[in-house]
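This report refers to the structure that appears directly beneath it.
The values are calculated or read from the model by the stated rules, or taken from the named source; none is laboratory data. None of these values were measured; they are calculated from a predicted model. Here the Cβ positions follow ideal geometry from the backbone for every residue, glycine too, while neighbour counts run over all protein chains shown. Remember, those area values only see protein heavy atoms, side chains included, never the ligands or the DNA or RNA. Shrake-Rupley method; radii C 1.70, N 1.55, O 1.52, S 1.80 Å.
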Amino acid sequence: MDKILIDPALPELASFSPEASFQTGLSFSRLEQQITSLDSAIQNGVKHVLCTTGSPLFQVFMDQPGRWPFSLAAVVPNFQQFVRDTSHFGTIGAALMRVKKMSLFQMMRMGLFCAGYILQVLQMKFEILMNTFLMAEMSQLFKTKKLKIDQVFLHPQMTDLALALGRSDFFPLYVKVVRTWGSTPGFMTRNFAPLESLLKRTGVQASLMAPFNPKGYGMNPSREECEKAREALSSNPQIPVFGFHWNLPGVGTEESLAYATRLKLNGIAVGLDSFL
Amino acid sequence: MTKKRIAVIGLGKMGLFHLSILKNLPEIEIVGISDQNTSLKKMVHGMGFDVPFFDSMDELIQTARPEGIFACVPPGFNPSVAETCLKQGVALFLEKPMAASLSDARKILAALSSHPAPPANGIGYMMAHYPLCQQAKKLIEEGAIGEIRHYRGSILLGDVFKKQEGWRQNPAVSGGGVVSVVGSHLLFLIRFLLGLPEEISAQTIHLFSSVEDIAEGRFKHAGYFGEFYVSWSRPGYSDMALQLSLEGTDGFMELSDSMLSVHTFESHPSERPGSRVWYPWDFSKPQVLQQGIDLGRPGYAAQDHDFVSSIGSGRAPLVSWKEGYEVQKMIEAVYHSQKQGGRPVSLKELE
């Protein structure tokens, strides 16, 4: 089972306590600390890193592309930044801030994408507007060709919002947008069973990442339903399944690992601080 | 099952969030949406809410005939929303805080009290629905740490780091800065766990604009005191971080978003000295999450479900306007004390 190193800028995936996240963030404010941890992770056989746009860790990879042989994945949007921007500037203001950072070529690409769905754009359909927003955010990931982003996961809050709204058209469109950038799409979710069911209905194939732990925390609607959904996907190599929140405080690591192994997860998320 | 007819007013961040939760409650039907900004009509329809949109609340009530309304407007607008709903006998959930001032909150409560058949009323203090907070309340009431002697609470958030624009900067509309917007959660929790303090003394700090960014103070209760500190300008806290430590005659309790722990002393009459800890996953999942989509904040879903099920039941929701008014009193006391250079303000003075 692979280990996926989590960016400290994604505290909602790597930690349970804001205080602990703050301390981890402080440790990694030193560049040498990040580099040491990445070196250590490589020596320990870690092959994947999951980061988010605009984070200090992402900047390390931007500044030193090719230094580490990791397969890089990213989470969009940078949710904390997204919440702050939408609170202060509204959804449209937040989108414009991202568009301003795009290159002319990237803007043209986005314009072409919107032109293909002009009726839906005029109708302000959620699936088009949100994917356009995500396209603008993703442009930051693909600014340099030196850095290859192998996978782009959608943040669980966004995946679950689209699920809650019942916007099934959103999912194939997101897959299309990510593939436009030459990357592999993925969805993170706290509603693994309903998402699995939707993907089956719509024929969408993408990597999935969700909480899997012996306590059933974050496994909605229930641990049993999520286990069944995982089982249903276990023979489909087109939809690898990764786990986060697999190792809860108060639950032994051995027990948690045994559970993840029993579910045949393709990988589990580990904090960068594990390699300090 | 007859579905309850629910409407949402105000399509800011919280309005859209409540709409997404409500869409997944099987016992309700969303019958109308209202916002003064009519350009949002297309957006909410594009999100899949194929329901009538109104730019006036009166029209919404007259036409859509909701049994209950979720009002997610800035607190300065809550009195007029409450007045309209009460006149029509419509149940009303107000996003917190209850109002932009204590006098406004008093008017809302007075209108409710004089109503011949008061409809259901709720306030958005979702921490009352967090299992860890409910467990902490139960343990305090059972005397798990003996008599409370002191507490210290804080909420830290990394949100405001420069001069801001918009309604949040206008206290007449927002009710204030960090105390009203963020700190009211901590004030609610203190009241929820320990009851109203007798006196509050406080100081506020303005870093960037016309409303306060940091506040600290001291709360006097009968026989003990507590301290509080709130800031929305603390780098590194992308999520709101709650911390509450309570010292009692027989033990010590710590409560945060992710953990509750109790450490009992040798003095405890019925327990051996030692520590116990609870995590969110130690509690059974609310029924509401076993049906719909979890949007990552279970307190909100439980809160909306609780309010909706209280409509027409004769039962008050867990957090009603009465509790909202008491929290408003605490907010007002903080601002009163600050204006008087930190002088202690008795909550009775504010009656």
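Taking all Cα-Cα distances within chain A, those exceeding 30 Å account for 28%. Partners of A:Lys264 within straight-line reach, counting aspartates and glutamates whose Cα lies under 20 Å from its Cα and excluding those fewer than 8 residues away in the same chain: A:Asp2, A:Glu196, A:Glu224, A:Glu225, A:Glu227, A:Glu231, A:Glu254, A:Glu255.
Just the number, please: percent antiparallel of the DSSP beta bridges in chain B, rounded to the nearest 5. Once the DSSP bridges in chain B are tallied, antiparallel ones form about 60 percent.
Computed over neighbours whose Cβ is under 14 Å from that of B:Lys137, the net charge equals -1, Lys and Arg +1, Asp and Glu -1. Counting only residues at least eight positions apart within a chain, or on another chain, the lysines with an alpha carbon under 24 Å from that of B:Lys329 are B:Lys96, B:Lys107, B:Lys137, B:Lys220, B:Lys339, B:Lys348.
If you take the square roots of the eigenvalues of the alpha-carbon gyration tensor of region B:211-351 and sort them as a ≥ b ≥ c, do you get rounded (a/c under 1.5), prolate (a/b over b/c) or oblate? Verdict is oblate for region B:211-351.
Among the protein heavy atoms of chain B, carbon and sulfur supply 52% of the accessible surface, probe 1.4 Å, non-protein parts ignored.
Taking the chain by itself as reference, region B:224-265 contains these residues with an accessible-area loss of 40 Å² or more in the full protein complex (1.4 Å probe, heavy atoms): B:Tyr237, B:Ser238, B:Asp239, B:Ser258.
Taking every lysine pair in region A:138-204 that is 8 or more places apart or spans two chains, those with Cα atoms closer than 25 Å amount to 5.
Rounded to the nearest 20 debye, the dipole size of chain A about its Cα centre is 880 debye, using +1 on the Cβ of Lys and Arg and -1 on the Cβ of Asp and Glu.
For region B:293-344, applying the loop criterion from DSSP together with a ceiling of 12 other beta carbons within 10 Å to the trypsin sites (Lys or Arg not before Pro) yields B:Arg315. Any residues in region B:38-70 that have 40 Å² or more less accessible area with all protein chains than in their chain alone, probe 1.4 Å, and which are they? Residues losing area: B:Lys42, B:Met43, B:Gly46, B:Met47.
With K and R counted +1 and D and E -1, the other residues having a Cβ less than 15 Å from that of B:Ala64 yield a net charge of -2. Just to confirm the number: angle between the C-alpha axis of helix B:102-113 and the first principal axis of chain B, 0 to 90 degrees, nearest 10? Around 60 degrees separate the two axes.
If I take R0 = 45 Å and measure r between the Cβ atoms of A:Trp68 and B:Ile205 in this structure, what FRET efficiency does the formula 1/(1 + (r/R0)^6) give, to the nearest 0.05?
Once rounded, the FRET efficiency stands at 0.55.
Buried between B and A is an accessible area of approximately 3100 Å², summed over both sides with a 1.4 Å probe.
Sorted largest first by accessible area at a 1.4 angstrom probe radius, with every protein chain in place, the residues B:Phe208, B:Phe188, A:Phe113 fall in the order B:Phe208, A:Phe113, B:Phe188. Normalised per residue, the accessible area of the protein assembly as shown is 41 Å², obtained with a 1.4 Å probe and no contribution from ligands, DNA or RNA. Here the dipole of region A:165-252 is about 180 debye; that uses its Cα centre as origin and unit charges on the Cβ of Lys and Arg (positive) and Asp and Glu (negative). Counting only Cβ charges, +1 for Lys and Arg and -1 for Asp and Glu, the dipole size of region B:1-101 around its Cα centre is about 180 debye.
At a temperature of 10 °C and a viscosity of 1.306 mPa s, determine how fast region A:1-128 diffuses translationally according to Stokes-Einstein, using the Kirkwood radius over alpha-carbon pairs as Rh; express D in µm²/s, rounded to the nearest whole number.
Rounded, D is 93 µm²/s.
Restricting the GluC sites (Glu not before Pro) of region B:193-273 to loop positions (DSSP other than H, G, I, E, B) with no more than 10 neighbouring Cβ atoms within 10 Å leaves B:Glu266.
Semi-axes of the equivalent ellipsoid of region A:147-205 are 20, 12, 10 Å, computed as sqrt(5λ) over the eigenvalues of the C-alpha gyration tensor in descending order. Counted over all Cα-Cα pairs of the protein assembly as shown, pairs farther apart than 45 Å make up 18 percent.
Using 0.36 nm per residue and subtracting the Cα-Cα separation, the extra length available between A:Glu254 and A:Lys176 on full extension is 24.2 nm. Mean residue ellipticity at 222 nm, helices only, the protein assembly as shown: -12000 deg cm²/dmol; runs of at least 4 DSSP H residues each add -39,500 (n - 2.57), and the sum is divided by the number of residues. Using the Cβ of A:Met102 as centre and a radius below 12 Å, the other residues enclosed give a net charge of +4, where K and R count +1 and D and E count -1.
The lysines whose alpha-carbon is closer than 25 Å to the alpha-carbon of B:Lys3, local same-chain residues fewer than 8 away aside, are B:Lys23, B:Lys41, B:Lys87, B:Lys285.
Computed from the C-beta positions of B:Ser261 and A:Leu96, the FRET efficiency with R₀ = 35 Å rounds to 0.15.
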